[in-house]
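Here the structure comes first, spelled out in structure tokens, and everything after it is commentary.
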């Protein structure tokens, strides 16, 4: 049974169990988990490419698509076949966002992994600054709550809940990092693979486990300010604020008591 298909300019592979498809190496692998992001994906790949092209780093952009029904996968396939940087990883089995990220890491060719959302909430132009610090740090995390960071939303309620939820999680887990739910990171691949993740993720609550275990294992962590902009195109997968808060609350307690 074919559960995955990998498409790049170099080759196309189909497999039932995730595995590397290319022996070529690069500096950075940007990972974009997607589901129904046709309104964003082409512009996002273009902006990421433009931003990293100004640095010394070679790179690839892996779109880990969970069988989108709006044509996102077909769009990425076309880009992958005509550019050297875009890669499509199709996931045909039912999964979650963090499983998509972990699968993309397994096929990635970069020594540095950049994790970000596909809805422009994370500014591609900030990636070079994250990469700038990776030489001195194991994990560089985009932060909305250090000096220079911000949250922009048309809903003050959404912004308020974001701040309140993050403050709660940080206080309960006793972590130094100020932003535990931002979802925007650059991490050395070898360090990512050292983290033994225990829990799946519906949305971005994997961030809590990532930062919690990274700090507990003594990783050198740097927070870099960025401005988070709530999505303008496409449909958010997390529209119920109470359900969203409950998922993060539950994950916080799991990490605190069951680790």
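Throughout, read-outs are computed from the coordinates displayed, never taken from laboratory work. All values reported here derive from a predicted model rather than from experimental measurement. FYI the Cβ positions are ideal-geometry reconstructions off the backbone, even for glycines, and counts take in every protein chain you see.
Every Cα-Cα pair of the stretch 1-40 was included, and the share exceeding 13 Å stands at 68 percent. Just to verify a number: FRET efficiency for residue 168 and residue 136, C-beta to C-beta distance, R0 = 41 Å, to 0.05? My answer for the efficiency is 0.85.
Could you give the Stokes-Einstein D for the stretch 3-138 in µm² per second, using the C-alpha Kirkwood radius, 10 °C, 1.306 mPa s? Walk me through the intermediate numbers first.
Numbers: Rh = 14.7 Å.
D = 108 µm²/s.
Where in the stretch 142-164 is the amide nitrogen less than 20 Å from a point lying 7 Å along the Cα-to-Cβ axis of residue 249? What the label zone holds, given the 20 Å backbone N cut-off, is 157-164. Each of residue 215 and residue 82 was given a label point 7 Å from its Cα along the Cα-to-Cβ line. The distance between the two points is 4.6 nm.
Ellipsoid fit via the Cα gyration tensor, the stretch 135-259: semi-axes of 23, 18, 13 Å, each the root of five times an eigenvalue, largest first. Between residue 67 and residue 153, the contour length at 0.36 nm per residue exceeds the Cα-Cα span by 28.1 nm. Compute a Gaussian network model of the chain, connecting alpha carbons closer than 10 Å, and tell me which residue from 127, 113, 18 fluctuates the most. Its mean-square fluctuation being the largest, the pick is 18. For the chain, relative contact order (Cα pairs under 8 Å, six or more residues apart, normalised by length) works out to 22 percent.
Report, as a whole number in µm² per second, the diffusion coefficient that Stokes-Einstein gives for the stretch 116-159 at 25 °C and 0.890 mPa s using the Kirkwood radius over alpha carbon pairs.
Values: Rh = 12.2 Å.
In µm²/s, the coefficient rounds to 201.
Mean residue ellipticity at 222 nm, helices only, the chain: -11500 deg cm²/dmol; runs of at least 4 DSSP H residues each add -39,500 (n - 2.57), and the sum is divided by the number of residues. Could you check how many percent of all C-alpha pairs in the stretch 77-137 are farther apart than 14 Å? When all Cα pairs of the stretch 77-137 are counted, 69 percent exceed 14 Å. The alpha carbons of the chain stretch over 47, 38, 35 Å along the principal axes, in descending order.
Suppose the chain between residue 257 and residue 240 were pulled fully straight at 0.36 nm per residue; how much longer would it get relative to their current alpha carbon spacing?
3.5 nm
For residue 194 and residue 96, calculate 0.36 nm times their separation in residues minus their Cα-Cα distance, and state this gained length in nm to one decimal. Can you show the working numbers first?
Values: separation 98, 0.36 × 98 = 35.28 nm, distance 2.09 nm.
Taking 0.36 nm per residue and subtracting the Cα distance, the gain is 33.2 nm.
For the ranges 39-48, 19-28, 161-170, what's the packing order if you count other beta-carbon atoms within 10 Å of each residue, average per peptide, and put the highest first? Intermediate values should be presented prior to the final figure.
On the way: 39-48: 19.0, 19-28: 14.9, 161-170: 17.5.
With the highest mean Cβ count within 10 Å placed first, the list reads 39-48, 161-170, 19-28.
Quick one: check the C-alpha center-to-center distance for the stretch 141-163 versus the stretch 194-216, whole angstrom. Comparing the Cα centres of the stretch 141-163 and the stretch 194-216, I get a distance of 21 Å.
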